[in-house]
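The values are calculated or read from the model by the stated rules, or taken from the named source; none is laboratory data. Quantities reported herein were computed from a predicted structural model and do not represent experimental measurements. Every residue, glycine as well, gets a Cβ built from its backbone with ideal geometry; the counts of neighbours run over all protein chains shown. Ligands, DNA and RNA are stripped out before the accessible areas are found, and what is left, the full protein with its side chains, is counted by its heavy atoms. Shrake-Rupley method; radii C 1.70, N 1.55, O 1.52, S 1.80 Å.
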Amino acid sequence: MLGNSLTAAVNSTCSLSKETLTCNYVPEEIPDGVLSVTIKDFMLDKDLFVIHDELFQSESWKNIKYLTFKDDQDISSKTIILKDATFTDFLQMKMLHIHMESGLIIEPNAFLGLENVNTLDFTGCIRLDLDQLMKALNGSDKVPNLEHLSLQRVYSYGGLNFDKTFISCLYGKPLKTLDLSKTHIATFEFAFLRTFSDLEFVNVSRVTFEVTDSYHTGNLKPAEVHRIGVDISYSTKGSVLNPFSSNTFANLKIPFVEDSIPVSLYFAPRMLNISGFNVGQPYRLYNIEIWSVHKFKALTNQLIAKRNKLQRLDINLDCDNFDISSIIHFDLSENTLEYLHPSWLNCMTGLEHLDLSVNNLNDMLKENKQLFGQLLNKTERLKYINLASNQLVDLPDEFFEGNKNLVVINLAGNRLTQVHFKLHHLNHLSFIDLSSNNIRILDSMTMNQLDAMKIDLEPNIGNTDNMKMTSRDGYISSIRKVRLKGNPFSCNACETLSSIRWLVSTTITESSPDELTCKGEDDTNISLTDAVVVVEGICERKMKIMVITITSVVGSAICVGAVMMIYIRRRRALKQRRRHDIIELLRQDETRFAVFLSFCNEDDEFVQENVIGPLNDGLQRIVGTERNLNCIGDVEYRTGRYVHDEFLRCIELCTVFLCVVSDNYCNSSYCVQEFDLATQKTKPVILMMKGDVDIGLMTPAMQLLFRNQVRVLWEENNGEYRLKTSWENVCESILDIGSD
């Protein structure tokens, strides 16, 4: 049972968890095996609390390595005094944490004897007097092995002054990390970076800097601060952080002069975090060129510039004189970035880790696909690339052509529908994240690209560096995997079967088939394991429908074909019967004629010499009679009768109307009237063209026949006329047309 302390409150409690004891008072005795003690919420019934050596007289306190005083209550009216020589008996203590908002008075010799303490943490001590603290640390006998000092959220009216006094008080201590985050700084001597040769990291993130000239670099050389990591993210107001008054620049050539900005701060630290410095309008830089007269070499290995609203960085760097090849880790994520000139990355020839996630680089892809395709051309050492959440709908086929050392590709949260960019040459690639894209069906090219990850796995990709790097993204690089969860896979059609089978059978997907789903025919989610059977059922049903459809179509075609054959045969037989009937009628009824021959008087000689005789002879041979089968008006019209009536009588006795068309015929109103009456009587009409006839002279009805029906042509040569076809063909055509 825990012993009671004279300082215990009325409701004193303690709890023990493994090696940590937590109490709301200072206990007299510490149980065996306890290495860490937390005194929490101990100011409930006190306005003044004095921490002195008499509270820790028991021998059981001497084994404590970690001691924390913590009170989160609003106790601004209360005070804690840390007396001289309070911890002289804490020979094993490594860390001392004091977190409280009350007034804190530290006497000059409060930290005497803490020879083994390497960490002092005053996070949240908003009323800590920095001058008191420096006096308590000043001297080689006060926390001589201090490595980690945290003053996070320490406040001082007018701002904290990290000046020469601050430097002298900590001089000689092996300080490695200094946390000044979330403070208000009035003066900052960068020269202290030179003083502390063991310093590795300085955190000045979320700091409000006074707008003064009290930021002295002390003529630091870049090499003197290269060992240090600096986090200046989300800090505000200081001109050292944001030297620009405008956020949009265009068409500028800017000379880079080494003395124009604090190089030790911007380009020399081993790690530099400048995230969140811009809280105003987005930066938009168009056609900017930065060049250097003298060769400049940066030393920074890790550059982080997240959430700075760097919307457009169309900046062309002169890589020959501006050497930033030292940068291994570059983070431009969450900037709403729409455009990044390839020269930025081309100059980072040593780049291994690149984070461009949560931006809008699809805008650059749409604006200039060729330039976008050159982003990674020179980054041959690149091992990790994060392009997640960039709205990308596609990537150029050769996008990763120059990145043969890639281990991890993160393309999650984009709008990719397929993977057509080349992967087969990436022998080190072990993980590609394609989750939450818009992949519905994997086509053959995508499956071939992802299948390429299963072969040629080089043995050296599992080395410690790669495993360390990829484990930050939650993946170990010794096994090749593809992350596909969150894609709207489809399994509602037979065309998805090959895609679903690949997803189920492949060994490279990170998720098992049971964890991936697809959308079925009724838009419900189906496990991929069950989807194969579902889609096979769809294919079987589709095949049945196809067979039935084809059978129906073939059957219908056969029926239609049979009907057409019957129709054609019957029509042919009917035509033959009509032809036979016409011939029989011409043989038996001597008042009937095969053809009415229409021509004008100007063509009488031509017709008499070239048409009447051969035409009648040919018809007589076919019909088998010796009588005249040509009806000519001048011969057959009865004397004293109306010409119109006689024409109608004769045309009724004829099978076909044959007109000898010439320019004279077209100009004759009588001939044209005969032609019109014949067409009105729906008699079959054959045009016999005498030489070249001017089509413009023909009536519209005559032109229609001229263009659409085969004509009998006469060719004139030196006054001689020659029929282009045979009289047998002409006569057969007359009887065929008449039987239609």
Legend entry - Among (1) touching a Gly at 6+ places or on another chain (Cβ under 8 Å); (2) touching a residue at least 60 places away in the same chain (Cβ under 8 Å); (3) among the polar types (S, T, N, Q) - the single one ASN410 does not satisfy: (1)
Inset, instruction - Answer yes or no: is there a residue in segment 502-513 that is out of contact with any Lys or Arg (no Cβ under 8 Å at 6 or more places or on another chain), part of a helix (DSSP H, G or I), surrounded by 11 or more Cβ atoms within 10 Å (Cβ to Cβ) and at pLDDT below 85. - result: yes
Inset, instruction - Name every residue in segment 211-226 that is part of a loop (DSSP other than H, G, I, E, B), surrounded by fewer than 17 Cβ atoms within 10 Å (Cβ to Cβ) and at pLDDT 70 or above, in order of residue number. - result: LYS221
Inset, instruction - Filter segment 286-328 down to residues that are open to solvent by 30 Å² or more (accessible area, probe 1.4 Å), hydrophobic (A, V, I, L, M, F, W, C) and part of a loop (DSSP other than H, G, I, E, B) and give me whichever is nearest to SER343 (Cα to Cα). - result: CYS319
Inset, instruction - Being farther than 17 Å from LEU303 by Cβ, open to solvent by 60 Å² or more (accessible area, probe 1.4 Å) and of a type outside the set (Val, Ile, Thr) is the filter here, so list the residues in segment 379-393 that pass it. - result: GLU380, GLN391
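Go through PRO108, PRO144 for me and flag whichever is outside any helix (DSSP H, G or I) and open to solvent by 40 Å² or more (accessible area, probe 1.4 Å).
Numbers: PRO144 fails: open to solvent by 40 Å² or more (accessible area, probe 1.4 Å).
Matching residue, one of PRO108, PRO144: PRO108.
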Inset, instruction - Would you mention how many residues in segment 113-131 are open to solvent by 40 Å² or more (accessible area, probe 1.4 Å) and either of a type in the set (Asp, Glu) or at pLDDT below 90 (or both)? - result: 5
Inset, instruction - Those residues that are open to solvent by 40 Å² or more (accessible area, probe 1.4 Å) and at pLDDT 80 or above, I need them from segment 254-281; list them, please. - result: ARG270, PHE277, GLN281
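Working carefully through the options LEU120, LEU133, find the one that is of a type outside the set (Gly, Ala, Ser), part of a strand (DSSP E or B) and closer than 23 Å to LEU180 by Cα. Explain how you work it out, then say what you get.
Working: LEU133 fails: part of a strand (DSSP E or B).
Step by step, each of LEU120, LEU133 is checked, and only LEU120 is of a type outside the set (Gly, Ala, Ser), part of a strand (DSSP E or B) and closer than 23 Å to LEU180 by Cα.
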Legend entry - Close pairs (7 angstrom Cβ cut-off, 6 or more residues apart or separate chains): farther than 15 Å from THR496 by Cβ in segment 508-528, in a loop (DSSP other than H, G, I, E, B) anywhere: ILE508/ARG480; THR509/LEU484; SER511/LEU484; SER511/LYS485; GLU515/LYS485
Inset, instruction - Please state which one of LEU6, LEU91 is open to solvent by 20 Å² or more (accessible area, probe 1.4 Å), modelled with pLDDT under 85, part of a loop (DSSP other than H, G, I, E, B) and of a type outside the set (S, T, N, Q). - result: LEU6
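Could you identify the single residue in ASP47, ASP41 that is at pLDDT 80 or above, open to solvent by 30 Å² or more (accessible area, probe 1.4 Å) and either of a type outside the set (Phe, Trp, Tyr) or closer than 22 Å to CYS125 by Cα (or both)?
Working: ASP47 fails: at pLDDT 80 or above.
Residue meeting the stated conditions: ASP41.
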Inset, instruction - Report, by residue number, each residue of segment 292-316 that is in contact with a strand residue (DSSP E or B) (Cβ under 7 Å, 6 or more places away or on another chain) and modelled with pLDDT under 85. - result: SER292, VAL293, LYS295, PHE296, LYS297, ALA298
Inset, instruction - Restrict the check to segment 653-663 and report whether at least one residue is closer than 30 Å to LEU585 by Cβ, in contact with a Phe, Trp or Tyr (Cβ under 8 Å, 6 or more places away or on another chain), open to solvent by less than 40 Å² (accessible area, probe 1.4 Å) and not hydrophobic (A, V, I, L, M, F, W, C). - result: yes
Inset, instruction - Starting from residues that are open to solvent by 10 Å² or more (accessible area, probe 1.4 Å), not in a strand (DSSP E or B) and not aliphatic (A, V, I, L, M), keep the ones in segment 77-88 and report whichever is farthest from GLY159 (Cα to Cα). - result: THR88
Legend entry - Pick from segment 341-360, criterion closer than 12 Å to LEU310 by Cβ and modelled with pLDDT of 95 or more, ranking: most open to solvent (accessible area, probe 1.4 Å): ASN360
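Identify all residues within segment 698-723 that are more than 13 Å from ASN610 (Cβ to Cβ) and open to solvent by 60 Å² or more (accessible area, probe 1.4 Å); write none if there are none. Explain how you work it out, then say what you get.
Step one: list which residues in segment 698-723 are more than 13 Å from ASN610 (Cβ to Cβ), which gives 698-711, 717-718.
Across segment 698-723, the qualifying residues are PRO700, LEU704, ARG707, ASN708, GLN709, VAL710, ARG711, ASN717, ASN718.
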Inset, instruction - Go through GLU398, GLU367 for me and flag whichever is surrounded by fewer than 21 Cβ atoms within 10 Å (Cβ to Cβ), farther than 27 Å from GLY486 by Cα, in contact (Cβ under 8 Å) with a residue 24 or more places away in the chain and of a type in the set (Asp, Glu). - result: GLU367
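Can GLN620 be described as over 60 Å from the mean Cα position of the chain (by Cα) and over 22 Å from PRO684 (Cβ atoms)?
On the way: over 60 Å from the mean Cα position of the chain (by Cα): yes; over 22 Å from PRO684 (Cβ atoms): no.
Taking the combined requirement at face value, the residue does not satisfy it.
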Legend entry - segment 415-433 residues that are more than 22 Å from LEU365 (Cβ to Cβ) and open to solvent by 40 Å² or more (accessible area, probe 1.4 Å), paired with ones that are in a loop (DSSP other than H, G, I, E, B) and aliphatic (A, V, I, L, M) (beta carbon under 8 Å, 6 or more apart): ASN427/LEU457
Inset, instruction - Answer with yes or no whether LYS70 is modelled with pLDDT of 90 or more, touching a strand residue (DSSP E or B) at 6+ places or on another chain (Cβ under 9 Å) and open to solvent by 50 Å² or more (accessible area, probe 1.4 Å). - result: no
